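The values are calculated or read from the model by the stated rules, or taken from the named source; none is laboratory data. Just so we're clear, the structure is a prediction, and the values are computed from it rather than from any experiment. Cβ atoms come from the backbone with ideal geometry, glycine included; neighbour counts cover every protein chain shown. Note: areas computed on protein heavy atoms with side chains; ligands, DNA, RNA excluded. Shrake-Rupley method; radii C 1.70, N 1.55, O 1.52, S 1.80 Å.
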Amino acid sequence: MTAVVVRSARAEDQSALAVLWAEAFTPPLAPDQWLVDADRLAHTLVAEDGDGVCGSIYGLPKRLRESDGAVASVHAIGSVAVAERARGRGLARRLVSASLETGREADWALLFTGTPEVYRSSGFTSFAMSRTLVGPWSAASVVEAAAGAILRESVGLGSLGAVHDVYERSRSGQLVLAPVRSDRDWTMAEVRMRGATLYRHVEDAAVVGYAIAEARGGVGLLHESAVLPDAVDPVGVRRALLGAVAADWASAGVRSCDLATPALAEEEAAVQAFAPGAVRQHDRTGMSRPLRREPRLDGIRHFTAGDYF
């Protein structure tokens, strides 16, 4: 059996990594988001045997909000993959250990997984968050308001620049786990939500609220939304944004919905009016591990589709 070496990724590994991720993940993981990280090779470790790359792990530095108002330095782990030929030898645990060593100066580590048992032996513990509401949807009781104030465009590279301030101010002091997004985080969010519709509510040439949504196979997906805390009429802004989304979903024949929205009272009221049959879902895929200290995640936790890594 050939010895397996764990090392930093090199430029020549990129095609092998794309093949590994396509085979190891269902649905296949495309490297698009990884490719926009200018430091992706420094953030990636690979395992290599005599037949080439047989494993990978991605460790991305992030800044996440905590319950005491602080912002933590976090080592965010993703793209943990092991080729079928190399499984059963503890390689995933070895990759995690190596990645944690590279991120040892961070406050704590974070990952999201559907197989938590793989990571418990590496010191990770699970946490839950009420991230989405899911259920039937109908446009019968939803009327678009202030339609002239809503601007629509497709999400793509550079498209979210006008909403940075709204996002940051809407999360600060209200949510935990939500990232303080760097330029790289915003670019990755644009890649992850590419093709969805960005709805911007504009007043006096300034964006006061936005939503990112799409219809896919009869399912309406609300990926992210935010309203300025000091907007003159935040209830009206939310109603107008969701009304615009409803008009498009009705045209697309949407019959069910998956709505990513934080469990804040004002957000909850708006979304319940938008989708009365939708029910809160508890996401238990998150895991954390102390590095320099314990995570402080008491409060309303939220992570959007654009923030996964």
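Quick one: is residue 149 closer than 22 Å to residue 294 by Cβ, open to solvent by less than 40 Å² (accessible area, probe 1.4 Å) and touching a His at 6+ places or on another chain (Cβ under 6 Å)? Spelling it out, it is not the case that residue 149 is closer than 22 Å to residue 294 by Cβ, open to solvent by less than 40 Å² (accessible area, probe 1.4 Å) and touching a His at 6+ places or on another chain (Cβ under 6 Å). Give the residue that is farthest from the chain's Cα centre (by Cα), with candidates limited to residues of segment 222-237 that are closer than 15 Å to residue 307 by Cβ and touching a residue at least 60 places away in the same chain (Cβ under 8 Å). Result: 226.
Please verify whether residue 259 is open to solvent by 10 Å² or more (accessible area, probe 1.4 Å) and among the hydrophobic types (A, V, I, L, M, F, W, C), treating the condition exactly as stated. The answer is no for residue 259. Regarding segment 121-129, can at least one residue be identified that is more than 27 Å from residue 23 (Cα to Cα) and open to solvent by less than 10 Å² (accessible area, probe 1.4 Å)? Looking for residues that are more than 27 Å from residue 23 (Cα to Cα) and open to solvent by less than 10 Å² (accessible area, probe 1.4 Å), one finds at least one in segment 121-129, hence yes. Scanning segment 267-309 for residues that are touching a strand residue (DSSP E or B) at 6+ places or on another chain (Cβ under 7 Å), among the polar types (S, T, N, Q) and open to solvent by 10 Å² or more (accessible area, probe 1.4 Å) returns 281, 285, 288.
Quick one: would you say residue 264 is modelled with pLDDT under 95, within 21 Å of residue 127 (Cα to Cα) and open to solvent by 10 Å² or more (accessible area, probe 1.4 Å)? So residue 264 passes the test.
Do we have residue 66 as open to solvent by 60 Å² or more (accessible area, probe 1.4 Å) and either in contact with a helix residue (DSSP H, G or I) (Cβ under 6 Å, 6 or more places away or on another chain) or under 28 Å from residue 292 (Cβ atoms) (or both) here? For residue 66, the condition - open to solvent by 60 Å² or more (accessible area, probe 1.4 Å) and either in contact with a helix residue (DSSP H, G or I) (Cβ under 6 Å, 6 or more places away or on another chain) or under 28 Å from residue 292 (Cβ atoms) (or both) - is not met. Pairs are defined by a Cβ separation below 7 Å, a sequence spacing of at least 6 or placement on different chains, a first member in segment 207-218 that is closer than 16 Å to residue 169 by Cβ, and a second member that is open to solvent by 40 Å² or more (accessible area, probe 1.4 Å); the pairs so defined are 207/162; 207/200; 210/200.
Of the candidates 106, 98, the single residue that is of a type outside the set (Phe, Trp, Tyr) and over 26 Å from residue 16 (Cα atoms) is 106. Filter segment 139-163 down to residues that are at pLDDT 95 or above, more than 20 Å from residue 266 (Cβ to Cβ) and not in a helix (DSSP H, G or I), then give me how many there are. Residues in segment 139-163 being at pLDDT 95 or above, more than 20 Å from residue 266 (Cβ to Cβ) and not in a helix (DSSP H, G or I): 10 in total.
Exactly one residue out of 264, 221 is farther than 19 Å from residue 162 by Cα and out of contact with any Cys (no Cβ under 8 Å at 6 or more places or on another chain): that is 264.
Hey, can you tell me all the residues within segment 276-309 that are touching a helix residue (DSSP H, G or I) at 6+ places or on another chain (Cβ under 9 Å) and outside any strand (DSSP E or B)?
Those that are touching a helix residue (DSSP H, G or I) at 6+ places or on another chain (Cβ under 9 Å) and outside any strand (DSSP E or B): 278, 291, 302, 304, 305, 306, 307, 308, 309.
Of the strands (runs of 3 or more DSSP E) lying entirely inside segment 5-123, the ones with 2 or more residues being under 22 Å from the mean Cα position of the chain (by Cα) and within 28 Å of residue 186 (Cβ to Cβ) are found at 44-49, 52-65, 71-82, 108-112.
Here is a list: 96, 74, 80, 134. Which entry is open to solvent by less than 60 Å² (accessible area, probe 1.4 Å) and more than 24 Å from residue 47 (Cα to Cα)?
134
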